[in-house]
Amino acid sequence: MAKAKKHYSGIGGQAVLEGIMMKNKTRYAVAVRKPDGEIDVEISEYKGILGDSNIMKIPFIRGVFAFVDSLVLGTRTLNHSASFYEEEVTETKSEEIIKKVFKDKAENILVGFTTVLSIVLAVAIFMVLPYVITSQFLEPYIRNASLLAIIEGIMRIAIFVLYTVLISLMKDIRRVFMYHGAEHKCINCIEKGRPLTVRNVMRSSKQHKRCGTSFMLFVMVISVVLFFFIRVDNMALKIVYRILLIPVIAGIAYEIIRLAGNSENILVRIISAPGMWLQRLTTKEPDEDMVEVAIQAVEAVFDWKAYQTEVFGYTERDFENELIAEENLKNEETIDAVSEEETEPADYEIEDEVLSEEDIEIDDEILSVEDIEIDEDEV
């Protein structure tokens, strides 16, 4: 039983190293496929920087804090997943000092530092660098400020797309992108009203309108519009304005993403189309093992059966039938695999007897005419 209409479930996630993080309200779970093949699931809680503050209900402002929360939680879960694959990591001197000084809070300090560093690098590469390039290399030749602003915006989007393309070519990142696809497929499967089984998840789309990739592309596009109206001659002021406008840009992008995730309006679909296209780079088709990891992450924090019973009207019998269908499909695939193995022709090796020159040497004496006696009477 599959439902065509899509409904917002409220769950979100992120791909990590050999695993997936799924979050529902304040609870999140990280499922990781360990080197020995087993799946480790850790459930925890993250209330965010502001917790239950009413600020998180104010449009445009909440987006800024939601973005920072996603970076903090993303860094924390990535570190957790990486811990399963660390062989012998030597701590740096700075890490040792931080652990001695802050003790139990050392991990939070390191996560915070990594988050701040990520934001600084992103601002420098995607916001400041395009302006510096256009102002230093193009401004002497192009006097039109509006045209320069448009070129800067195009360059900003191009740098972001190029960055995405380059990292997608890395082998390790490609596997992360496969888990990213598994995360999207799980959420799409649930929100489309399909029971959460491996078969149904594999059939679902690997693109989702609430993806962080789409969010970042919206940030780039919105920045083009806002920066277009900055009209100051001082280069330092222009850079400062670009940095100060980042929270505004993030807030607007967040509201667009929320709207896209809750609406099937044709205009919203058109606006979301570029982000969905870009997700072709950041999401790859996962294998069934990855989907199993994603399903465990979902089930640790989200009762998808209760959700689909309430929203789509499923019954327990429907879920049982779906599980039976999947089990039957597995059995059929197993039988087909065995049949193919049995019917495959065996590899026979024919050992030809190798004869030496001595074995095939003709004895001249045996075949000599003189030694052959012919009985004339018989002839």
From (1) open to solvent by 80 Å² or more (accessible area, probe 1.4 Å); (2) modelled with pLDDT of 95 or more; (3) among the aromatic types (Phe, Trp, Tyr), pick out the condition that doesn't hold for residue 113. (2)
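How many residues does the stretch 231-257 hold that are without any contact (Cβ under 8 Å) to a residue 60 or more places away in the chain and either open to solvent by less than 40 Å² (accessible area, probe 1.4 Å) or in a helix (DSSP H, G or I) (or both)? It would help to see each step written out before you state the result.
So in the stretch 231-257, the residues without any contact (Cβ under 8 Å) to a residue 60 or more places away in the chain come out as 232-234, 236-237, 240-241, 244-245, 249, 256-257.
In the following step, the residues that additionally are either open to solvent by less than 40 Å² (accessible area, probe 1.4 Å) or in a helix (DSSP H, G or I) (or both) were identified as 232, 236-237, 240-241, 244, 249, 256-257.
Matching residues across the stretch 231-257 total 9.
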What residue, among those in the stretch 133-145 that are open to solvent by 40 Å² or more (accessible area, probe 1.4 Å) and assigned to a helix (DSSP H, G or I), is nearest to residue 220 (Cα to Cα)? 133
As an exercise: evaluate residue 199 against (1) open to solvent by less than 50 Å² (accessible area, probe 1.4 Å); (2) in contact with an Asp or Glu (Cβ under 7 Å, 6 or more places away or on another chain) and give the number of the one condition it does not meet. (1)
Any residue in the stretch 40-55 that is under 14 Å from residue 111 (Cβ atoms), open to solvent by 60 Å² or more (accessible area, probe 1.4 Å) and not in a helix (DSSP H, G or I)? yes
Residue 273 is checked against (1) closer than 30 Å to residue 223 by Cβ; (2) in contact with a helix residue (DSSP H, G or I) (Cβ under 9 Å, 6 or more places away or on another chain); (3) open to solvent by less than 100 Å² (accessible area, probe 1.4 Å); (4) at pLDDT below 95 and fails just one. What number does that condition carry? (2)
Determine which single condition residue 218 fails, assuming it passes every other condition in (1) open to solvent by less than 30 Å² (accessible area, probe 1.4 Å); (2) in contact with a Leu (Cβ under 9 Å, 6 or more places away or on another chain). (2)
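Among the candidates 81, 118, 94, single out the residue that is touching a helix residue (DSSP H, G or I) at 6+ places or on another chain (Cβ under 8 Å) and either modelled with pLDDT under 75 or closer than 24 Å to residue 14 by Cα (or both). Give the steps one after another, and end with the answer.
Working: 81 fails: touching a helix residue (DSSP H, G or I) at 6+ places or on another chain (Cβ under 8 Å); 94 fails: touching a helix residue (DSSP H, G or I) at 6+ places or on another chain (Cβ under 8 Å).
Exactly one of 81, 118, 94 is touching a helix residue (DSSP H, G or I) at 6+ places or on another chain (Cβ under 8 Å) and either modelled with pLDDT under 75 or closer than 24 Å to residue 14 by Cα (or both), namely 118.
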If you check every pair at least six apart or on different chains, which have Cβ atoms under 7 Å apart with a residue in the stretch 120-131 that is under 10 Å from residue 242 (Cβ atoms) first and a residue that is polar (S, T, N, Q) second? 127/223
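The values are calculated or read from the model by the stated rules, or taken from the named source; none is laboratory data. Source: prediction; values computed, not measured. Positions of Cβ are generated from backbone atoms using ideal geometry, with glycine treated the same way; all protein chains shown enter the neighbour counts. Remember, those area values only see protein heavy atoms, side chains included, never the ligands or the DNA or RNA. Shrake-Rupley method; radii C 1.70, N 1.55, O 1.52, S 1.80 Å.
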